[in-house]
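These notes concern the structure reproduced below.
The values are calculated or read from the model by the stated rules, or taken from the named source; none is laboratory data. Everything quoted here is computed from the prediction, not taken from an experiment. Every residue, glycine as well, gets a Cβ built from its backbone with ideal geometry; the counts of neighbours run over all protein chains shown.
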Amino acid sequence: MPTHKGTQTIETSRLILRQARRDDAEPMFRNWASDPKVTKYLTWPPNENVEVTQNLLERWTTEYEKDDYYHWMIVLKEIGEPIGSLLVTTVGRAQSAHIGYCIGQKWWHKGIMHEAVQAVIKYLFEEVGYHRVEAMHDPNNPNSGRVMRKCGMKYEGTTHASDRNNQGICDADHYAILRSDWDKPKHFMEGYAAESDTALVQEIYRRKSESDRLNKSQAARVEFFTTVRYIEKYLAPGAKILDVGAGAGEYSFYFARKGYSVSALELADANIAAFRAKMTDDDSIDLVQGNALDLSRYNSNSFDVVLLFGPLYHLHDEADKLRCIEEAKRVCKKDGKIFFAFISNDMVILTMQQLHSDYLISGDYNKETFRLDDFPFVFHTPEHCRKLLGKASIQIIHEVASDGASELLQDLVNGLDEASYQQYLRYHFYICEKPEFLGMSNHLLFVGSPEK
C-alpha cells in the first residue's frame, strides 16, 4: 500500500513541479486553461475568464491539506511560469495511481510533458510506494499516448464508448507500468526528454556507440557493402566526397584510403572522438564538427558526391529536413550525386518484435496506421522519402533496400560460411531495388541528382 506524502516539489532539468498557488491564475489562464485546443479532450471546458481559473485554484489549493492529494503545476524554469498541470488520483481496490495531464500548446512536441510525467512516475514508485501507475487517453488524441509509451507504460487495450470528454462519449486507450517493470533495465533512451534535435543526437551517441554498427557482423556489413556498391557507380578518379553526418567514419575512411578526397562533418561529440581515434598519420580526411543544417564552410558546387547518412535519422521538422537537403544540393556539383539514408518505418516493427516479445502489443507505434513514434530516431516509409525528395527537387535515380532482411535474419546471416555469405550478398543485390522488397528493410538508400 502507498505511504502518502502529498504534492512535494520535484525538479528536473527544465522544470519545477510544485503545488498550485492562488497567484497562478493569470499565467494558467493565459498559457493553457483558456485554450480550446488544449481542453479539446479534457473533461472541463476552456475557462471563459481569469475569474473561473481563480475559482479552480481556490478549490485545488485547499486540497493540499490532504497527504493523498497529488496535483502539480508544471513550471518551466526558462520563463518562471506554470505551463500545464498534472493530477494523480488513487483508483480501485488495488490502490493504483492514475495520471492525467495537460500543457499549453506552445510547448507541445518539445518533450516537456514526457519529462514531467517521467519525474512524477519516479516519485510515485520510489517515494510514495505505488505498485502500479496507469493513464488513458482518447484514441483521437494519439500524442497523449506517445507520452505514456515514452515513459515506459505498456498498452493494455481499448475500451469502447467507456469514457466522456468535451467531444462526448469516447473510446479509451489504457496504459500502465508496474513497479516491477520500472525496476527492470530500460530502452537505452528511456527517460530522456529531448530539448532539441541537436541535444538528442548528442545524447543518443553518448549512450550508444556508432563505432562498430556497420562492421560488427556479417549481417551488419550488408548495409555497408550495398551502399558502397552504389556510391562507386558514380565515382571517377580524383572525385571529391563530402560525408555529412559521418558518424565514426566508416565511409570516410573507406573512400579516403582508396585515394579519394574526403571531407567529413559530424555533430556528436562521441562520434567525433571515435572518428579521431581511428585516424592514422596517413589519413588526410578533413574532419570538422558541425551541423548538417549549416554547410557554409564549404563552397557551392564543390563536391562530386555528397553523403547524407545520418542527418535524416534525426531531423524531426520537415523544414529542417528540406534545409539540410538544400545545403547538400548547394555544395554538390551540378552533375554530382547525393546519397540519402533513411531508417525504414515498416521493417522496424518486425525487428523490434524479435527483440521484445510484446512489441506488437505494447510497442511505440500507432496500432491502426503502424506509424512508429519518431523517438529516438525519425522513421520514413518509401513514400515519405519520395515526397520529401520531390519537395526538395531531387531527381531520384535509385531506391534501395540497403540492408533488406539482414537484421531480421541476422542469426542466419551471421552463421553463413564465406561462400554462402557471398551468395547471400549477390541475392540481396539482386532484390534490393525491386519495389516489392523496398519497404522490408531496416534502412533505405535513395540516390539522386540535384535539379538546379
Set Trp44, Trp32: member being farther than 25 Å from Arg132 by Cβ, under 26 Å from the mean Cα position of the chain (by Cα) and among the hydrophobic types (A, V, I, L, M, F, W, C): Trp32
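Conditions tested, residue by residue: (1) closer than 24 Å to Arg213 by Cα; (2) out of contact with any strand residue (DSSP E or B) (no Cβ under 8 Å at 6 or more places or on another chain); (3) assigned by TED's automatic domain parsing to the domain that holds Phe225.
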residue: Ser393; (1), (2), (3): no, no, yes
residue: Asp417; (1), (2), (3): yes, yes, yes
residue: Leu438; (1), (2), (3): yes, no, yes
residue: Asn442; (1), (2), (3): yes, no, yes
Filtered residue count, the range 421-452, keeping only those that are surrounded by 12 or more Cβ atoms within 10 Å (Cβ to Cβ), more than 25 Å from the chain's Cα centre (by Cα), of a type in the set (Ser, Thr, Tyr) and outside any strand (DSSP E or B): 2
Per-region count, the range 36-65, residues of a type in the set (A, V, I, L, M, F, W, C), assigned to a helix (DSSP H, G or I) and closer than 22 Å to Asp163 by Cα: 1
Segments classed as helices (runs of 4 or more DSSP H), wholly inside the range 178-289, with at least 1 members that are of a type in the set (A, V, I, L, M, F, W, C) and not assigned by TED's automatic domain parsing to the domain that holds Leu409: 179-182, 197-207
Pairs, first at pLDDT 95 or above in the range 68-81, second of a type in the set (Val, Ile, Thr) and assigned to a loop (DSSP other than H, G, I, E, B), C-beta under 7 Å, six or more apart: Tyr69/Thr7; Tyr70/Thr7; His71/Thr7; Trp72/Thr7
When residues of the range 297-318 are limited to those that are hydrophobic (A, V, I, L, M, F, W, C) and not in a loop (DSSP other than H, G, I, E, B), the one surrounded by the most Cβ atoms within 10 Å (Cβ to Cβ): Val306
The range 395-420, residues that are surrounded by fewer than 22 Cβ atoms within 10 Å (Cβ to Cβ) and assigned to a strand (DSSP E or B): Gln395, Ile396, Ile397, His398, Glu399
Residues within the range 340-372 that are at pLDDT 90 or above and in a loop (DSSP other than H, G, I, E, B), tallied: 3
Residue check for Leu388: modelled with pLDDT of 95 or more and within 30 Å of Asp173 (Cβ to Cβ): yes
Residue under evaluation Gly249, criteria (1) on the phi < 0 side of the Ramachandran plot; (2) of a type outside the set (A, V, I, L, M); (3) in contact with a Leu (Cβ under 9 Å, 6 or more places away or on another chain), criterion not met: (1)
Hits in the range 329-339 - residues which are part of a strand (DSSP E or B) and either within 9 Å of Asn442 (Cα to Cα) or among the charged types (D, E, K, R) (or both): Lys333, Lys334, Asp335, Lys337
Matching residues in the range 272-305 - criterion: being polar (S, T, N, Q) and either over 30 Å from Ala319 (Cβ atoms) or within 31 Å of the chain's Cα centre (by Cα) (or both): Thr280, Ser284, Gln289, Asn291, Ser296
Cβ-Cβ under 6 Å pairs, at least 6 apart or on other chains, the range 373-389 side farther than 16 Å from Leu438 by Cα, far side crowded, with 19+ Cβ neighbours inside 10 Å and among the β-branched types (Val, Ile, Thr): Pro376/Ile204; Phe377/Ile343
Boolean, Val117 is free of Cβ contacts under 8 Å to residues at least 60 places away in the same chain and closer than 22 Å to Lys40 by Cβ: yes
Residues within the range 261-296 that are surrounded by 15 or more Cβ atoms within 10 Å (Cβ to Cβ) and of a type in the set (Ser, Thr, Tyr), tallied: 2
